[in-house]
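Please read the structure below before turning to the comments.
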Amino acid sequence: MQKKSLKILLGAVALMPILVSAAVSLPKTVKVDNGGVETICGSNEPEWRKAQTIEGVNIQESLRCAPDNPAQIAAEVKGTNNISMETLMNTYYAADAIIKKNDIDGDGDPDFIIIKLEVAELNGHSPDFDGLVPTFDIAPAIQPGMWVFAPKSRGMATNSFVGTDANPLLRAPSPVIRVEQGDRVWIQLENSHYFPHTIHLHGVDHPWVDSAGEGNDGVPQSSDKFVLPGSSKTYEIRPRQPGSFVYHCHVQTHVHLAMGLVGMFVVEENRPNNWVQTFNVGAGQVRHPSKAILEEYDSEYDLHYHAMDKGLHDIIQKYNDPRLIAKKMNREYNMNDSTEDYHTLNGRSFPYTLRESIIVAEPDQNIKLRMFNSTGEQLAMHTHGHKATITHYDGVEHNPNAQIMRDIYDLAPAQRNDLKISTVDDGLHSYGQGVWIFHDHREKGILTDGMNPGGNVSALVYKKYLNEVGLPKTIGESIAPLFTKKFHGRKLPVWQDIDAWNSLGEIDGKDYKAPPAAVPAPVEEGPKGIAFYQDLPGDNSISNFIWGLIIGIILYVLFLNREKIMAMIASARGEK
Ligand SMILES: [Cu+2]
């Protein structure tokens with residue numbers, strides 16, 4: 001009986017591995033082809049990166065991989081009415097996109113500014129085409145449907161006849177608008193979209209009614225009528241106070257703002273001969289900072305944070321009839337149940353943020369950052385290696401004696417914080433030169449559709465850590481695999497080729513192909529300067545084994561003859 005139960009027990013133990021493996025059923029480990037890596041920095045306009053003067057406009061150097069077009073900046077500063085046809089033709093602007101005239105106060109700069117805005121759909125559906133058009137990728141193959149305010153452009157919505165990429169003026173975020181304190185500004189909204197929209201000037205000093213007694217606050221329920229598809233409306237502004245403000249659509253605001261109809265509106269302090277850059281398309285570095293900014297700062301950056309819920313942004317990709325879109329978006333979609341999936345900085349997510357939204361620094365500089373949160377949640381922006389001073393909240397200067405330094409900047413929805421970053425290496429303002437990332441410290445902010453790395457991560461990069469194509473000279477793992485559609489399509493295993501990644505180090509502009517077949521093992525050296533250890537003859541595992549064997553045999557022989565040895569010792573003592 002006992003023998004039988006022992007047999008059963010042994011049989012069960014023998015079967016255990018088979019039973020366990022059948023229950024877990026582990027998948028095979030297979031190597032996944034990454035499908036090819038995009039050109040990490042495709043900038044073919046090295047001339048655009050240099051400091052230069054066009055049409056008398058001084059344009060600062062921009063060392064990033066994808067710099068703004070200097071001709072475009074000249075048009076933004078002088079106005080499309082004050083530049084040569086040649087310069088205008090080097091941009092996508094319509095001839096009447098930015099009109100600047102009338103030096104009303106006689107201080108050498110124009111004070112009557114007329115800006116034309118249209119409404120563009122990005123990554124939307126077309127009945128004539130299977131794909132999305134015009135396309136704007138926030139990361140490789142990530143194309144959420146969006147609406148943006150766009151400067152009035154000429155020609156096609158796409159870059160060329162052969163591709164679907166949007167022309168450079170049609171992009172997220174809606175452009176930063178910059179005017180001078182006291183300017184008489186007209187914003188003419190030409191509604192080129194299939195839904196009604198308006199412009200509300202959030203925080204900007206503007207009268208509730210315009211000079212004709214019409215509504216001027218952009219809120220249909222209190223003052224304005226809808227600006228219907230195909231019609232236009234002029235908003236009149238004469239801001240008395242400088243600061244960082246906002247403009248956004250106020251029709252079905254919860255979804256129209258989230259779709260992207262929101263941008264920064266900056267009022268610069270009044271100075272003589274102060275031609276300000278009317279648009280900063282794509283936000284980021286301001287390559288022609290105002291006179292007042294240059295009195296205190298070396299450079300200036302607009303940082304616009306936005307987030308998107310797939311459930312909302314997919315609607316315009318699934319439906320093409322405005323009635324169906326209105327029903328799905330305004331009657332069926334419930335924002336209370338929403339989750340933000342895409343977290344962007346200046347319209348892009350990591351790693352594309354590295355092309356356009358890095359901050360370039362040199363030691364002992366002051367850099368002005370204007371941060372704006374158009375997401376639906378509180379942000380916790382964080383700078384590595386630096387503590388910045390918050391100088392302004394919502395466009396109002398904080399008492400200079402009470403200004404505080406932080407390394408986390410909490411930004412409520414629609415809030416603006418102006419920061420002063422000092423790059424003085426004193427262990428407080430800056431910890432020294434390097435590639436210092438800055439990002440949202442909420443974990444979800446560093447995700448793209450739930451995957452890391454992604455989200456609104458960018459970097460503050462000191463000039464000596466920038467390579468010749470404008471990418472940070474990183475010394476960590478290669479980020480090349482993140483520039484693949486497979487990664488963002490959740491098809492690339494998170495740890496595949498990690499040894500190869502670690503061996504690659506700095507990212508460069510060259511195409512990244514397959515990782516090397518084998519990674520050379522690091523050569524390990526013994527501690528230097530310890531002669532005793534290093535000089536031991538035959539210091540390897542085989543000799544250790546032989547020596548151990550010999551010593552073991554000697555000890556064993558001694559043990560076997562222990563009685564004889566003890567007797568020998570005793571007799572030796574007796575002789576004494
Ligand atoms: Cu709208």
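The values are calculated or read from the model by the stated rules, or taken from the named source; none is laboratory data. Computed from a predicted structure; not experimentally measured. FYI the Cβ positions are ideal-geometry reconstructions off the backbone, even for glycines, and counts take in every protein chain you see.
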* To do: Would you mind stating whether I293 is in contact with a helix residue (DSSP H, G or I) (Cβ under 7 Å, 6 or more places away or on another chain), in contact (Cβ under 8 Å) with a residue 12 or more places away in the chain and not basic (K, R)?
  => no
* To do: Kindly indicate whether P110 is crowded, with 19+ Cβ neighbours inside 10 Å, at pLDDT 95 or above, within 23 Å of G56 (Cβ to Cβ) and within 23 Å of the chain's Cα centre (by Cα).
  => no
* Taking the condition at pLDDT 90 or above, more than 29 Å from D302 (Cβ to Cβ) and in contact with a Pro (Cβ under 6 Å, 6 or more places away or on another chain), does K491 pass? -> no
* **Index of the failed condition, G263 passing every other in (1) away from the ligand (no atom under 12 Å from the Cβ); (2) surrounded by fewer than 22 Cβ atoms within 10 Å (Cβ to Cβ); (3) in contact (Cβ under 8 Å) with a residue 24 or more places away in the chain; (4) of a type outside the set (F, W, Y)** => (2)
* **Failed criterion for N82 (all others in (1) more than 24 Å from S232 (Cβ to Cβ); (2) assigned to a loop (DSSP other than H, G, I, E, B) hold)** => (1)
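Quick check on D210: is it more than 28 Å from the chain's Cα centre (by Cα) and away from the ligand (no atom under 15 Å from the Cβ)?
yes
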* Structure fact -> Picking from A150, A166, the residue that is within 16 Å of the ligand (Cβ to nearest atom), within 32 Å of the chain's Cα centre (by Cα) and more than 30 Å from D105 (Cβ to Cβ) would be A150
* Which one of the conditions (1) assigned to a loop (DSSP other than H, G, I, E, B); (2) in contact with a strand residue (DSSP E or B) (Cβ under 6 Å, 6 or more places away or on another chain); (3) β-branched (V, I, T) does I367 fail to meet, given that it meets all the rest? -> (1)
* Hey, could you check the stretch 45-100 for residues that are more than 30 Å from P351 (Cβ to Cβ) and among the basic types (K, R) and say which is farthest from the chain's Cα centre (by Cα)? => K100
* Could you tell me whether any residue of the stretch 271-281 is within 14 Å of the ligand (Cβ to nearest atom) and touching a residue at least 24 places away in the same chain (Cβ under 8 Å)? => no
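Go through the stretch 180-226 and give me each residue that's aliphatic (A, V, I, L, M) and either closer than 21 Å to M264 by Cβ or in a strand (DSSP E or B) (or both).
Matches in the stretch 180-226: V185, I187, L189, I199, L201, V204, V209, V219.
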* Structure fact -> Checked against (1) away from the ligand (no atom under 16 Å from the Cβ); (2) farther than 30 Å from V57 by Cβ; (3) not in a loop (DSSP other than H, G, I, E, B), E236 satisfies every condition except (2)
* Asked: Looking at M146, M85, M89, which is the one that is at pLDDT 95 or above and buried (at least 21 other Cβ atoms within 10 Å of the Cβ)?
  -> M146
* To do: Can you give me the number of residues within the stretch 271-329 that are among the acidic types (D, E) and under 18 Å from the mean Cα position of the chain (by Cα)?
  => 3
